[in-house]
Amino acid sequence: MNVHSDPVEIVAAPDDGLAPGELLMEVKNVSLRFGGVKAITDISFDVKKGEIRAIIGPNGAGKTSMLNVINGFYTPQKGTIIFRGEERRAMKPHHAVRQGIARTFQNVALFKGMSTLDNIMAGRSVKMHRNLFWQMLWHGPALREEIEHREKVEEIIDFLEIQHIRRTPVGKLPYGLQKRVELGRALAMEPSLLLLDEPMAGMNLEEKEDMSRFIIDVNRQRGTTIALIEHDMGVVMDLSDRVVVLDYGKKIADGTPDAVKSNQDVIDAYLGVAH
Amino acid sequence: MVTTAATAGMNLDTFPKYLLLNAQRFGGRPAMRHKDYGIWQSWTWSEQLEEIRAFALGLQALGLGHGDKIAVVGANRPRLYWTFAAAQSMGAVPVPVYADAVAEEMAYVLNHAGVRFAVVQDQEQVDKIRSFSDRIPALKEIIHDEPRGLRDYDHTGLTAFTEIQDKGEALLAADPGLAERWERGVREASGSDISVMLYTSGTTGRSKGVMITAAGAVNAARDTAEFDRLSENDSVLAYLPLAWVGDHYLNYAQGYVSGLCMNCPESGETVAQDLREIGPTFYFAPPRIFEGLLTSVTIRMEDAGWLKRKLFDHFIGVAKRHGEAILEGRPVPLSGRISYTLGRVLVYAPLCNVLGLSNIRVAYTAGEAIGQDLFSFFRSLGINLKQLYGQTEAFLYVTVQKDGEVRADTVGPAAPNVDIRISDTGEVLFRSPGQFAGYFMQDETTAETLTEDGYVKTGDAGFFDTDGQLKIIDRAKDVGKLTSGALFAPKYIENTLKFFPNIKEAVAFGHGRDFAAAFINIDLQAVGNWAERNNIAYASYQELAGHPRVYEMIARNVDETNLRLSKEPVMAGAQIKRFLVLHKELDADDGELTRTLKVRRAFVAERYAPLIEALYDGSTEKYVETEMTYEDGRKGVVRATVRIVDAKTYPVARQTAREAAE
């Protein structure tokens with residue numbers, strides 16, 4: 001009768017052999033240039049297992065570039081990134097995915113014509129082991145695998161409370177829900193590190209509250225480590241355990257939300273200073 | 001009519017006795033389904049019995065005793081329904097409470113009922129109840145269905161449903177005679193015990209706890225289940241609020257006596273999809289849901305292609321002419337039958353399928369008046385939609401329409417074994433099998449509600465039509481008079497207005513005044529869609545409501561309403577002379593509607609007093625500030641200048657009214 005039992009905790013935290021509080025990722029002296037433009041200059045910080053780490057800064061501070069470096073989209077000219085104890089050199093986004101890094105985008109990047117369910121299922125594709133041949137056959141091992149993945153996806157749908165849009169093409173959904181579906185797709189990869197690029201951008205207050213709750217639940221219940229970029233200071237200060245502040249591609253502060261809030265450089269960067 | 005049945009030596013006068021019986025006679029048949037994780041999970045009657053027994057014994061171990069009250073708060077979930085039977089099997093009394101009630105209301109009910117246990121769905125309700133726990137000293141334990149978000153909570157006095165069941169299972173395993181003793185307890189229970197306590201939604205003043213005895217509840221349910229020939233082959237979608245008598249009666253009570261299968265939707269937002277997947281055979285919805293269905297069909301057809309639209313219009317025309325006659329087995333010309341059959345293949349069957357109404361054998365609507373057009377629309381598609389009239393105090397049914405004798409403007413003759421009488425003042429009085437045993441701890445109010453010979457006063461004004469069907473006009477105390485002496489029945493006027501798809505809600509005024517006037521709420525879905533098609537831009541409800549072209553459109557509706565009123569000799573005197581379109585939707589969170597979404601007239605009148613004055617002092621606009629509550633509980637203020645418009649009235653209809661209207 002196990003169809004009736006509750007799944008106790010939704011998809012357990014990925015087992016990466018690390019205890020909470022241990023170093024998950026280290027960014028060391030990273031610099032990134034586009035031609036003559038310095039996007040990031042000599043930045044170092046770390047992300048610990050199980051925390052919510054925020055990267056903030058005014059417009060053009062290099063936040064999204066930093067995220068793109070972490071997820072392998074850009075290769076920095078200088079510096080190294082150590083993820084789960086492994087130093088990585090030049091790599092591509094799909095390597096990052098294999099390593100357990102998933103992300104969402106500032107501008108939602110979903111398959112607009114596909115349903116919520118299919119979009120989240122797409123997030124499972126990295127976990128699929130059967131090759132194209134088996135998948136085309138459909139019966140047998142590929143079907144069994146599909147069912148397993150579907151179960152995981154249903155847990156995510158339940159977790160994000162999007163049952164009512166399961167079959168709706170995401171292009172038809174309001175923006176706030178699209179963001180939620182995108183989070184769902186990232187969660188489907190069962191990442192060790194979840195990168196969120198402005199998860200609250202363009203949302204109204206209620207949507208922001210919902211999203212905050214989901215982010216906290218992902219972190220607390222599933223033990224997923226989260227690094228997020230966000231403009232809404234209220235959200236950042238409430239959600240994060242530690243905050244890195246960038247300005248003009250440089251790190252100007254790093255610490256707990258309270259420490260960062262009272263840091264004079266940060267105040268100057270946000271409010272401007274009289275020169 | 002069978003009033004007592006003796007099966008397996010039991011006098012079947014409680015629901016747990018039916019649980020035992022059903023587990024025996026329908027053991028392998030589905031009793032309950034719930035869509036969870038995208039799949040319909042299902043429980044047979046014998047599995048359901050095991051779930052209920054384990055929970056009941058777990059509760060007993062926690063100290064639940066005979067007569068204790070258990071609050072049940074949440075959406076339609078199997079475990080909450082099991083709580084009813086589990087409590088009843090121990091002689092305890094379930095008290096379902098509206099899950100979306102604000103803390104203040106809920107605290108009152110829980111305290112008044114003196115609940116010792118509260119079985120709730122999720123974190124939201126745990127938070128709500130804990131926020132006023134100091135005001136409900138009797139509460140010992142909160143039991144929750146869904147553990148989500150509760151992990152870091154203080155778990156004193158907070159237990160998971162499954163934990164209680166595990167305790168019950170452990171006791172059963174340890175003591176081989178326990179199951180037998182539990183069953184004996186169920187068999188020996190008395191039908192005179194209170195089966196459930198249902199709090200009224202409080203249209204007037206504080207909610208009252210309506211006590212229903214087990215035997216009364218079972219008898220009433222058995223009568224109506226027989227009336228509609230419900231059986232174990234029927235299924236219902238349980239989506240109505242748990243605390244409402246209609247849900248408890250139509251799903252739980254009728255479900256247990258007939259053995260039908262109850263289906264719980266995945267969530268409140270998926271009801272339409274779940275309805276389509278389940279295709280229930282018995283269905284109840286208040287008129288506003290049917291209205292919503294029709295509105296969405298109309299909107300979708302307006303967006304459909306040319307050919308589809310033509311087909312739809314043609315065959316809906318055919319259905320209008322012949323559909324009801326075919327449903328009722330009246331003679332129809334052969335050509336009509338052929339067209340209708342073709343229409344069924346091309347339009348009606350696919351449409352019913354999309355709406356989830358393909359398998360409907362019996363459907364009911366009640367709660368408020370339903371428009372003739374709306375009612376006929378669904379009936380003409382071949383859906384056996386009927387009306388009933390009921391009350392919490394009657395444990396639902398007072399009158400019910402028989403198959404084939406159905407009208408939109410009446411609510412039918414007395415239900416089986418119900419006696420109805422109209423008092424000298426025009427109030428409807430009844431005596432019924434499910435009649436309540438009294439209001440909990442309010443003997444005085446109970447006495448006021450009963451006549452000397454034991455009839456219940458409904459508080460509704462009505463009369464029997466020539467064919468013996470009851471017609472309800474309004475709340476007895478709301479029926480008033482204009483200064484001219486003409487009868488003023490606000491609800492009648494409001495209902496006539498609400499039959500227009502653009503008008504969602506209306507409040508009429510006129511008692512003791514010179515003429516009748518009305519507040520109108522537009523229907524955002526219908527009017528919004530109209531605005532989209534007509535290139536009218538708007539940023540908010542308020543802006544759309546105040547748009548000159550919306551006013552023009554509503555004015556046409558009011559005009560039509562007056563024309564209809566003028567044709568009813570009794571109502572013609574109270575046509576709407578002036579109206580306004582309200583700048584804000586009436587909302588239960590602001591106290592303007594009850595939780596069952598009925599207008600709280602006195603409250604609205606007081607809150608919008610300046611607007612009412614403006615209706616009568618001849619001004620053409622009025623500036624108002626209104627406080628409103630957002631979904632998260634914060635309060636804000638809406639400011640608006642509301643326009644007031646005159647409407648045309650018609651002379652009282654004579655014989656020639658029809659021609660004059662042309």
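The values are calculated or read from the model by the stated rules, or taken from the named source; none is laboratory data. Since the model is a prediction, treat every value here as computed from it, not as a measurement. Here the Cβ is made from the backbone with ideal geometry for all residues, glycine too, and neighbour counts use every protein chain on show.
Side notes on the structure shown:
- Hits in the range A:161-180 (condition: part of a helix (DSSP H, G or I) and at the interface with chain B (Cβ under 9 Å from one of its Cβ atoms)): A:GLN163, A:HIS164, A:ILE165
- Of all residues in the range B:260-270, those that are free of Cβ contacts under 8 Å to residues at least 40 places away in the same chain and within 9 Å of chain A (Cβ to nearest Cβ) total 1.
- Some residue of the range B:164-171 being crowded, with 23+ Cβ neighbours inside 10 Å and over 27 Å from B:HIS144 (Cα atoms): no
- Residue within the range B:299-312 that is within 18 Å of A:THR168 (Cα to Cα) and of a type in the set (A, V, I, L, M) present: no
- Complete set of residues in the range B:20-42 that are assigned to a strand (DSSP E or B), surrounded by fewer than 22 Cβ atoms within 10 Å (Cβ to Cβ) and in contact with an Asp or Glu (Cβ under 8 Å, 6 or more places away or on another chain): B:LYS35, B:ASP36, B:ILE39, B:TRP40
- Residues located in the range B:601-620, provided they are crowded, with 20+ Cβ neighbours inside 10 Å and in a loop (DSSP other than H, G, I, E, B): B:TYR608
Residues checked against (1) in contact with a Leu (Cβ under 9 Å, 6 or more places away or on another chain); (2) among the polar types (S, T, N, Q); (3) free of Cβ contacts under 8 Å to residues at least 40 places away in the same chain; (4) surrounded by fewer than 17 Cβ atoms within 10 Å (Cβ to Cβ):
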{"site": "A:ASN29", "(1), (2), (3), (4)": "no, yes, no, yes"}
{"site": "A:ASP42", "(1), (2), (3), (4)": "no, no, no, yes"}
{"site": "A:ASP46", "(1), (2), (3), (4)": "yes, no, yes, yes"}
{"site": "A:ASN59", "(1), (2), (3), (4)": "no, yes, yes, yes"}
{"site": "A:THR75", "(1), (2), (3), (4)": "yes, yes, yes, yes"}
{"site": "A:ILE82", "(1), (2), (3), (4)": "yes, no, no, yes"}
{"site": "A:MET91", "(1), (2), (3), (4)": "no, no, yes, yes"}
{"site": "A:ILE101", "(1), (2), (3), (4)": "yes, no, no, no"}
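- Residues that are at the interface with another protein chain (Cβ under 9 Å from one of its Cβ atoms) and not hydrophobic (A, V, I, L, M, F, W, C) within the range B:35-63 comprise B:LYS35, B:ASP36, B:TYR37, B:GLY38, B:GLN41, B:SER42, B:GLU47, B:GLU51, listed in sequence order.
- Residues (in contact with a Lys or Arg (Cβ under 9 Å, 6 or more places away or on another chain), within 14 Å of B:GLU266 (Cβ to Cβ) and free of Cβ contacts under 8 Å to residues at least 24 places away in the same chain) located in the range A:162-184: A:GLN163
- Any chance B:ALA447 is small (Gly, Ala, Ser) and touching an Asp or Glu at 6+ places or on another chain (Cβ under 8 Å): no
- Subset of the range B:565-600 (residues that are of a type in the set (A, V, I, L, M, F, W, C), over 21 Å from the mean Cα position of the chain (by Cα) and surrounded by fewer than 18 Cβ atoms within 10 Å (Cβ to Cβ)): B:VAL570
- Unique match (being within 14 Å of another protein chain (Cβ to nearest Cβ), surrounded by fewer than 23 Cβ atoms within 10 Å (Cβ to Cβ) and either farther than 23 Å from B:HIS34 by Cβ or among the basic types (Lys, Arg) (or both)) among A:ASP158, A:ASP197, A:ASP210, A:ASP217: A:ASP210
- Just one residue in the set A:GLY113, A:GLY50 is within 18 Å of the chain's Cα centre (by Cα) and either modelled with pLDDT of 90 or more or within 14 Å of another protein chain (Cβ to nearest Cβ) (or both); that residue is A:GLY50.
- Considering the range B:622-637, the residues that are aliphatic (A, V, I, L, M) and more than 30 Å from the chain's Cα centre (by Cα) include one that is farthest from B:ARG607 (Cα to Cα), namely B:VAL637.
- Lone qualifier among B:ASN521, B:ASN495 - being surrounded by 19 or more Cβ atoms within 10 Å (Cβ to Cβ) and touching a Leu at 6+ places or on another chain (Cβ under 7 Å): B:ASN521
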